[in-house]
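Asker: Please see the structure below; I have some questions.
The values are calculated or read from the model by the stated rules, or taken from the named source; none is laboratory data. Only a predicted model underlies this, so the values are computations on that prediction, with no experimental measurement involved. Here the Cβ positions follow ideal geometry from the backbone for every residue, glycine too, while neighbour counts run over all protein chains shown.
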């Protein structure tokens, strides 16, 4: 079975860890690998923090209407990919379908929170 690999998302791009090391999460039902992810090291974390700190000034300078657009886009993206996200979490955690339903409700709540936050900026 071929499993997917998840890289690190830093500075708007997906990239492997600087070390090239990975971590496998196991499917609790099969014992097989569910996903392989890049294993972030200190250098990767420092790079992500540096990028986030440099982006904050730009974010803070955006007018509230523009920040609202970004928050609503994030909410829409979460809603649009909810079934994929639920499937990935359920597989990785080994939860039954009921667990997926709970995760789906949680994702929808988070999307609603993003929509609510967008009204506050």
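Asker: Taking the conditions exactly as written (out of contact with any strand residue (DSSP E or B) (no Cβ under 6 Å at 6 or more places or on another chain), over 15 Å from residue 15 (Cβ atoms), modelled with pLDDT under 85 and not assigned by TED's automatic domain parsing to the domain that holds residue 109), does residue 90 satisfy them or not?
Answerer: Details: out of contact with any strand residue (DSSP E or B) (no Cβ under 6 Å at 6 or more places or on another chain): yes; over 15 Å from residue 15 (Cβ atoms): yes; modelled with pLDDT under 85: yes; not assigned by TED's automatic domain parsing to the domain that holds residue 109: no.
When the stated conditions are applied, residue 90 does not pass them.
Asker: Pairs needed: first member in the range 67-85, surrounded by 16 or more Cβ atoms within 10 Å (Cβ to Cβ); second member anywhere, not in a helix (DSSP H, G or I); C-beta distance under 8 Å; at least 6 residues apart or different chains.
Answerer: 67/121; 68/119; 68/121; 71/121
Asker: Select the strands (runs of 3 or more DSSP E) contained entirely in the range 1-44, then report the ones holding at least 3 residues which are within 20 Å of residue 85 (Cβ to Cβ) and in contact with a strand residue (DSSP E or B) (Cβ under 6 Å, 6 or more places away or on another chain).
Answerer: Details: elements: 8-10, 13-15, 22-26, 33-38.
In the range 1-44, 22-26, 33-38 are the strands (runs of 3 or more DSSP E) which contain 3 or more residues that are within 20 Å of residue 85 (Cβ to Cβ) and in contact with a strand residue (DSSP E or B) (Cβ under 6 Å, 6 or more places away or on another chain).
Asker: Any residue that is more than 15 Å from the chain's Cα centre (by Cα) and part of a helix (DSSP H, G or I) - is there at least one of those in the range 73-80?
Answerer: If we filter the range 73-80 for residues that are more than 15 Å from the chain's Cα centre (by Cα), which is where we start, we get none.
No: the range 73-80 contains no residue that is more than 15 Å from the chain's Cα centre (by Cα) and part of a helix (DSSP H, G or I).
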